[in-house]
1. Identify all residues within segment 129-149 that are farther than 27 Å from residue 116 by Cα and surrounded by 14 or more Cβ atoms within 10 Å (Cβ to Cβ); write none if there are none.
2. Is at least one residue of segment 81-101 under 11 Å from the mean Cα position of the chain (by Cα), part of a helix (DSSP H, G or I) and over 16 Å from residue 153 (Cβ atoms)?
3. Quick check, is residue 157 surrounded by 14 or more Cβ atoms within 10 Å (Cβ to Cβ), out of contact with any strand residue (DSSP E or B) (no Cβ under 7 Å at 6 or more places or on another chain), closer than 18 Å to residue 80 by Cβ and at pLDDT 95 or above?
4. Taking segment 25-49, which residues are under 17 Å from the mean Cα position of the chain (by Cα) and either modelled with pLDDT of 95 or more or farther than 20 Å from residue 108 by Cβ (or both)?
5. Return yes or no: is residue 160 part of a helix (DSSP H, G or I) and over 26 Å from residue 61 (Cβ atoms)?
């Protein structure tokens, strides 16, 4: 792992992450206010909102240090910009909206393609596309086999798989595994807390994105 202690990259990452966090909280509140799922709307999301607001700058800073100034920084900051709103909305209403995810997909591929062209690493781009498809397929198989995942989770995983695959196959495997480890840890903590029975569902997209960002940052 190569670290790039460039002030511009760090400041850019923090700024993008902070802005994405604020927009994520607003988007989640707006989506929740329009939801007809009263059971979900009663869930206390205040702590989750604070978590999003803190995680945004932290994730942006980590990406800035990881990549430094360049096309890769722009590409992976787009992952931060998409991950936060989708995570916040999934926590609020248990949905991963296509209106954010689908337009982000070609933008991500375009940025990574530009990065691959500038760096001459076309094999990384091919690996990224293959990893995205493989990750989506794996999650879809889990969703059909267990009924515990939604199609939105599968699409989010495929989206993250592109970014993970661009870095490498080990990073792809680690990011996918880390999502389940984080989700399992939080599920255990929730079971240990009194009153956790108010909301027995678990928004999984935040763990998919968290696993991907952590894996990329430390790769």
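1. Residues of segment 129-149 farther than 27 Å from residue 116 by Cα: 140-149.
Correct list: 140, 142, 143, 149.
2. yes
3. Working: surrounded by 14 or more Cβ atoms within 10 Å (Cβ to Cβ): yes; out of contact with any strand residue (DSSP E or B) (no Cβ under 7 Å at 6 or more places or on another chain): yes; closer than 18 Å to residue 80 by Cβ: yes; at pLDDT 95 or above: yes.
Taking the combined requirement at face value, the residue satisfies it.
4. Residues of segment 25-49 under 17 Å from the mean Cα position of the chain (by Cα): 25, 27-28, 48-49.
Those that are under 17 Å from the mean Cα position of the chain (by Cα) and either modelled with pLDDT of 95 or more or farther than 20 Å from residue 108 by Cβ (or both): 25, 28, 48, 49.
5. On the way: part of a helix (DSSP H, G or I): yes; over 26 Å from residue 61 (Cβ atoms): no.
Spelling it out, it is not the case that residue 160 is part of a helix (DSSP H, G or I) and over 26 Å from residue 61 (Cβ atoms).
The values are calculated or read from the model by the stated rules, or taken from the named source; none is laboratory data. From a predicted model like this one, the values you see are computed outputs, not experimental measurements. Neighbour counts run over all protein chains shown; Cβ positions are idealised from the backbone, glycine included.
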